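Novice: Here's a structure for you.
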Amino acid sequence: MPRHKTLVSIGHRIMKRFHQLDLRVDKEFVIYMVHLLARDRRKGLLKCDLNKPTACAIESFVNTIVDSYVNSKDCTMANMKMAWVMKKGVTIDLEYVKKQYEEKFQTELQLLIKDILQYPETCSKLQLDQLFAKMQVFIVVCYNLGSPKNHVLLKLTAQALKSVIGRSDLQNYVLKKKYHRLEYLQRLSATVGGIVIYNNDGPDGDRENVRSVVDDLEMAQKNTEAAFADSMGRAVKMQSTCQAALDELINIDHKDETLTYRVPLEHLDRLNQFSVTYFMLHRCLTTLNEHYQKTVYLIEVEQKRYQCVICKIDDTLSMRTAIDSELIFPHFVYLSQVWGNLNNFLNHIVELNKLREQVEALVVDDLMILTKATIAELQALHKRIKKSKVCTFEERMDAVKELQTDGNFCKLNKADIKEFCSLAMTITNGLLMPAQVTRKLCSNVDITFGFRDPRYARFAELRFEPFIAAFRKVVFNNANLALLFKLDDALIEQELQNVIVEPPKQTDFQGQTEMVVTNDLSPANWINVTWNAWDYHRETIHLANIRKQQTNDSQTNISYGRRNAQNQTYNCRQHK
């Protein structure tokens with residue numbers, strides 16, 4: 001497809017430019033940028049035919065992408081990078097973080113396990129002492145109790161280990177087979193780890209030497225909630241500033257169905273880009289905060305389990321002076337498991353904070369200064385221009401008729417567009433205005449639209465077809481809106497679906513190879529050769545049926561004197 005080949009060629013040129021600038025950019029991100037920005041009415045290739053673009057248009061498009069990537073104040077590129085971080089941020093998933101940390105941890109732990117399992121059955125006293133010391137380190141590391149170099153922590157671990165396993169038990173341990181020793185080591189570390197955790201629980205615990213994951217979680221939650229609140233507060237403040245400025249610069253009259261403005265809409269679009277960026281930042285932070293809140297809920301549940309098992313151990317120890325190990329040890333093992341789950345939740349909070357910092361770093365502080373400067377510039381221009389321009393809603397919708405898009409209207413059901421006025425976006429070519437009411441205009445598709453006023457919704461209902469056609473072109477031809485409403489994947493998927501790869505006319509089949517090689521493919525015998533596997537199946541069934549119909553009775557052949565038929569000659573009737 002010429003269009004796809006053009007975009008691939010542009011991607012190669014951009015990668016070459018990045019290589020010349022010593023910039024390491026992900027190839028997938030470059031493809032993502034090219035396919036999405038090619039549809040943008042401001043920076044894209046919509047002004048020329050993508051199937052036959054001019055060399056100047058391609059060069060300008062390449063320069064635009066490279067310059068935008070280098071410029072940290074470019075709103076569209078910042079939106080694109082934020083969307084890419086959220087797409088590739090697999091650590092947003094708790095199960096993924098848990099799996100990755102455990103795999104990395106087990107890989108690092110294998111060296112210590114191998115060192116412990118290497119001791120022979122005939123261990124000397126010195127070797128048993130070394131084995132005992134390595135077990136202490138293994139328990140400390142396995143359950144993240146603190147630094148394995150801390151001698152106070154190792155001493156506390158040694159006391160707990162001696163209460164579980166003695167010198168004779170340690171000698172018996174090395175007599176076990178290796179796979180039995182590994183299983184016993186894991187059970188032993190869980191029990192001893194639980195004892196250390198229990199002994200240091202409460203206000204009398206040794207906080208300087210033994211780590212408390214409960215306290216770490218409490219501090220991490222306070223810092224994370226404060227960071228999210230601060231970032232989201234700044235984003236909301238800038239959103240309000242941009243929205244208030246746009247409300248002053250344009251006037252939408254729903255009675256007369258007219259749009260009045262002094263500053264050209266092209267200039268207002270500069271301010272709208274800042275507004276979209278801060279809305280994009282707020283939505284990314286909201287998504288991360290939602291995952292954080294889910295983890296907080298799991299932490300609360302796990303902390304209740306933690307307190308429950310602590311109370312159970314307290315009750316068990318308070319009843320008796322001598323307690324059977326089978327009665328108390330399972331509680332220590334369970335306590336170690338709960339401790340490990342709390343560590344996983346802490347790791348997830350750390351990863352979520354890393355993603356938050358990546359997203360925040362893409363919206364630089366200078367962008368806020370530039371936003372305020374742009375607002376002041378547009379307000380001054382609004383005062384200088386004395387004559388206002390008045391356009392009807394119909395005229396504004398007709399202005400986008402020439403735009404073409406392959407974006408599917410039904411894809412909008414996955415987009416969260418009800419927060420903004422759809423009619424205002426349509427007649428202003430993409431300016432964001434807050435919505436007050438929501439409506440479902442189409443009964444066939446579950447799409448909820450937002451409107452500033454019920455009378456805006458009434459206009460959209462009465463002129464549904466032209467409104468939807470114009471709204472679809474405005475949204476899908478604006479890279480910023482596509483990113484904000486998460487329609488970028490749908491657009492790129494549509495582009496890649498258009499590249500139809502024709503299946504081969506001849507399909508290889510495993511049972512055909514011998515047939516093709518041995519058959520005579522000369523023109524005289526071509527009719528007996530087929531490439532269709534089902535023809536072979538039908539022929540096989542046919543030959544099997546013929547075989548079933550043949551008689552196995554030798555008396556018939558003997559009776560007719562044809563026992564050795566292959567060696568006999570029979571005269572035809574005309575030779576008699």
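The values are calculated or read from the model by the stated rules, or taken from the named source; none is laboratory data. As the structure is a prediction and not an experimental result, all values here were calculated from the model. Note that each Cβ is placed from the backbone with ideal geometry, even for glycine, and that neighbours are counted across all protein chains shown. Just the protein is used for accessible areas: all its heavy atoms, side chains included, with ligands, DNA and RNA removed. Shrake-Rupley method; radii C 1.70, N 1.55, O 1.52, S 1.80 Å.
Novice: State all residues of the stretch 442-464 that are among the aliphatic types (A, V, I, L, M) and in contact with a strand residue (DSSP E or B) (Cβ under 6 Å, 6 or more places away or on another chain); if no residue qualifies, say none. Break it down stepwise before answering.
Specialist: Here is the first cut: in the stretch 442-464, the ones among the aliphatic types (A, V, I, L, M) are 445, 447, 457, 460, 462.
Matches in the stretch 442-464: A457 only.
Novice: Now for a different question. Open to solvent by 20 Å² or more (accessible area, probe 1.4 Å) and either over 30 Å from R384 (Cα atoms) or touching a strand residue (DSSP E or B) at 6+ places or on another chain (Cβ under 8 Å) (or both) - does that describe any residue in the stretch 274-284?
Specialist: As a first pass, look at the stretch 274-284 and keep what is open to solvent by 20 Å² or more (accessible area, probe 1.4 Å): 282-283.
Okay, now just the ones that are also either over 30 Å from R384 (Cα atoms) or touching a strand residue (DSSP E or B) at 6+ places or on another chain (Cβ under 8 Å) (or both), so 282-283.
Yes, because at least one residue in the stretch 274-284 is open to solvent by 20 Å² or more (accessible area, probe 1.4 Å) and either over 30 Å from R384 (Cα atoms) or touching a strand residue (DSSP E or B) at 6+ places or on another chain (Cβ under 8 Å) (or both).
Novice: List the pairs whose first member sits in the stretch 186-212 and is over 19 Å from K162 (Cα atoms) and not assigned by the TED database to the domain that holds Y143, whose second member is open to solvent by 50 Å² or more (accessible area, probe 1.4 Å) and not aromatic (F, W, Y), and whose Cβ atoms are under 7 Å apart, counting only residues at least 6 apart or on separate chains?
Specialist: These pairs meet every condition: R211/N144.
Novice: Mind telling me which of the residues S212, S231 ends up being surrounded by fewer than 20 Cβ atoms within 10 Å (Cβ to Cβ) and within 30 Å of Q293 (Cα to Cα)? Give the derivation first.
Specialist: Details: S231 fails: surrounded by fewer than 20 Cβ atoms within 10 Å (Cβ to Cβ).
Only one candidate qualifies: S212.
Novice: Of the residues E103, E108, E121, which single one is more than 33 Å from the chain's Cα centre (by Cα), acidic (D, E) and open to solvent by 60 Å² or more (accessible area, probe 1.4 Å)? Step through it out loud before you land on a result.
Specialist: Details: E103 fails: more than 33 Å from the chain's Cα centre (by Cα); E108 fails: more than 33 Å from the chain's Cα centre (by Cα).
The match here is E121.
Novice: Here is a further query. Consider only pairs whose beta carbons are under 9 Å apart and that are at least six residues apart or on different chains; among these, list those whose first residue lies in the stretch 297-309 and is of a type in the set (D, E, K, R) and whose second residue is at pLDDT 90 or above.
Specialist: Matching pairs, first to second residue: E302/V338; E302/N341; E302/L342; E302/F345; R305/Y334; R305/V338; R305/N341.
Novice: Can you confirm whether the stretch 294-303 contains a residue that is open to solvent by 70 Å² or more (accessible area, probe 1.4 Å), polar (S, T, N, Q) and within 23 Å of V213 (Cβ to Cβ)? It would help to see each step written out before you state the result.
Specialist: Restricting attention to the stretch 294-303, the residues satisfying the condition of being open to solvent by 70 Å² or more (accessible area, probe 1.4 Å) are 294, 297, 300.
Now drop any that are not polar (S, T, N, Q), which leaves none.
Within the stretch 294-303, not a single residue is open to solvent by 70 Å² or more (accessible area, probe 1.4 Å), polar (S, T, N, Q) and within 23 Å of V213 (Cβ to Cβ).
Yes/no per residue for (1) small (G, A, S); (2) in a strand (DSSP E or B); (3) in contact with a Gly (Cβ under 9 Å, 6 or more places away or on another chain); (4) open to solvent by 20 Å² or more (accessible area, probe 1.4 Å):
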| position | (1), (2), (3), (4) |
| --- | --- |
| H348 | no, no, no, no |
| E351 | no, no, yes, yes |
| L367 | no, no, no, no |
| L370 | no, no, no, yes |
| A373 | yes, no, no, yes |
| L381 | no, no, no, yes |
| K387 | no, no, no, yes |
| V390 | no, yes, no, yes |
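Novice: Do we have L432 as in contact with a Lys or Arg (Cβ under 6 Å, 6 or more places away or on another chain) and either within 15 Å of D269 (Cβ to Cβ) or outside any strand (DSSP E or B) (or both) here?
Specialist: Details: in contact with a Lys or Arg (Cβ under 6 Å, 6 or more places away or on another chain): no; either within 15 Å of D269 (Cβ to Cβ) or outside any strand (DSSP E or B) (or both): yes.
Answer is no for this residue.
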